[in-house]
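Single-structure report; data block below.
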Amino acid sequence: MHKALFGYVLLIPMASAISAQQTSQPAQSVSEPNKPTIVLPYYSAELPPYVDGVPKCAPVDDRIHPLPDGVYRIGHGVSSPKPIKTPEAKFSDEALNMMKEQHLSHFEAVSLMMVTVDAEGKTKDLCLIRSAGYGLDGQAARAVEEYRFHPARMNGEPVSVRLTIEVDFKH
């Protein structure tokens with residue numbers, strides 16, 4: 001079955017996500033005994049401006065709280081939003097074709113995105129921190145756009161927050 005595990009919300013400060021983006025990290029490898037291995041690169045600062053129609057994230061100065069557009073970070077009296085709806089991302093045709101051509105029985109990839117959850121619990125301003133490749137980032141973005149949350153709160157009032165979402169693909 002071609003099924004992607006839905007992403008989960010990482011409740012880490014934006015600085016951690018950005019610093020991970022800017023450091024060189026080893027490639028991910030996927031393997032099983034006696035089966036082909038595919039190596040998936042971490043795309044980071046080398047990302048083009050758009051991948052699968054998803055914009056690359058611009059660096060964010062995490063020392064500013066709230067951000068200039070009135071968006072908060074989790075912590076500092078701001079609670080995290082609680083997921084209500086997190087639809088699964090589907091595998092792209094490109095990824096499925098690559099797996100078939102490479103005779104892969106096992107495949108894993110991760111698309112890491114930053115998103116704003118507004119005071120109504122809807123996602124907006126989605127951007128890509130790390131690419132999964134093979135057309136999977138567009139699929140991940142379509143799923144994340146459909147996510148819904150109970151909004152984050154500060155002093156009992158709903159507020160917009162920036163957070164990182166990781167969408168895992170496993171086959």
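The values are calculated or read from the model by the stated rules, or taken from the named source; none is laboratory data. Since the structure is predicted, the reported quantities are computational estimates derived from the model, not experimental observations. When we count neighbours, we look across all protein chains shown, and the Cβ atoms used for this are built from the backbone with ideal geometry, even at glycine.
Points worth noting:
- Glu145 being in contact with a Leu (Cβ under 8 Å, 6 or more places away or on another chain) and modelled with pLDDT of 95 or more: yes
- Single residue of the range 93-123 satisfying the filter (among the polar types (S, T, N, Q) and touching a strand residue (DSSP E or B) at 6+ places or on another chain (Cβ under 9 Å)) that is modelled with the lowest pLDDT: Gln102
- Every residue from the range 43-58 that is modelled with pLDDT of 80 or more and surrounded by fewer than 18 Cβ atoms within 10 Å (Cβ to Cβ): Pro48, Pro49, Tyr50, Gly53, Pro55, Ala58
- Residues of the range 108-165 satisfying the condition of being in contact with a Phe, Trp or Tyr (Cβ under 9 Å, 6 or more places away or on another chain), in a strand (DSSP E or B) and over 16 Å from Pro55 (Cα atoms): Glu108, Ala109, Val110, Val117, Lys122, Ala152, Met154, Val159, Val161
- Of all residues making up the range 84-123, the number that are more than 16 Å from the chain's Cα centre (by Cα), under 30 Å from Asp69 (Cβ atoms) and surrounded by 14 or more Cβ atoms within 10 Å (Cβ to Cβ): 3
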